[in-house]
Amino acid sequence: MFTAAQRDTLLDVMRRTGTTAIYLRDGDKRLSLTLGGEAPAIHRPSQTQAAVSPAIGRVLPRGLDDGLAALQVGDAVNKGEVLVYVAQGLIRHPVTAPVTGTLATLTEAAIVGFGDTIATLTEQGA
């Protein structure tokens with residue numbers, strides 16, 4: 001089914017991609033490869049996630065009167081952490097981080113519509 005060189009190449013690819021087992025069948029020929037030990041860490045590229053407005057209103061930064069520290073682009077944030085608020089009169093809707101990551105962009109002091117992107121976060125794949 002495979003030459004020794006092809007088998008070795010397949011094993012190298014399995015190691016690089018973190019694949020721990022593979023089973024191939026070609027008619028009556030079968031090949032099963034299993035790597036023991038712990039799979040190597042796989043590097044995944046950074047991904048950008050958007051935090052969107054839950055309502056129409058004015059963007060208010062956090063840290064004015066909520067007891068939270070103000071945020072700036074480049075700050076690390078956790079999933080669920082309040083990024084800003086969208087105010088409709090006296091009502092404030094929190095906009096939270098959709099993922100744990102780094103704040104890439106942040107809109108402040110603007111009028112936004114429902115679903116508008118208010119912030120983007122760069123997350124490192126797990």
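The values are calculated or read from the model by the stated rules, or taken from the named source; none is laboratory data. Since we're looking at a predicted model, the values are computed, not measured. A quick note on method: Cβ atoms are made from the backbone with ideal geometry, for glycine too, and the neighbour counts reach across all protein chains shown.
Just a few scattered comments:
- Evaluated against (1) of a type in the set (Val, Ile, Thr); (2) modelled with pLDDT of 95 or more; (3) farther than 17 Å from THR120 by Cβ, VAL82 falls short on exactly one condition, (3).
- Residue within segment 39-47 that is surrounded by 12 or more Cβ atoms within 10 Å (Cβ to Cβ), modelled with pLDDT of 75 or more and closer than 28 Å to ALA110 by Cα present: yes
- Considering residues of segment 68-100 that are surrounded by 11 or more Cβ atoms within 10 Å (Cβ to Cβ) and polar (S, T, N, Q) only, the residue nearest to the chain's Cα centre (by Cα): THR100
- The residues of segment 103-126 that are buried (at least 17 other Cβ atoms within 10 Å of the Cβ) and either among the aliphatic types (A, V, I, L, M) or in a strand (DSSP E or B) (or both), listed by number, are LEU103, LEU106, VAL112, ILE118, ALA119, THR120, LEU121, GLU123.
- Checklist (1) modelled with pLDDT of 75 or more; (2) not in a strand (DSSP E or B) applied to ARG25, failing item: (2)
- Boolean, GLY74 is part of a loop (DSSP other than H, G, I, E, B), touching a Ser or Thr at 6+ places or on another chain (Cβ under 7 Å) and either modelled with pLDDT of 95 or more or more than 24 Å from GLY115 (Cβ to Cβ) (or both): yes
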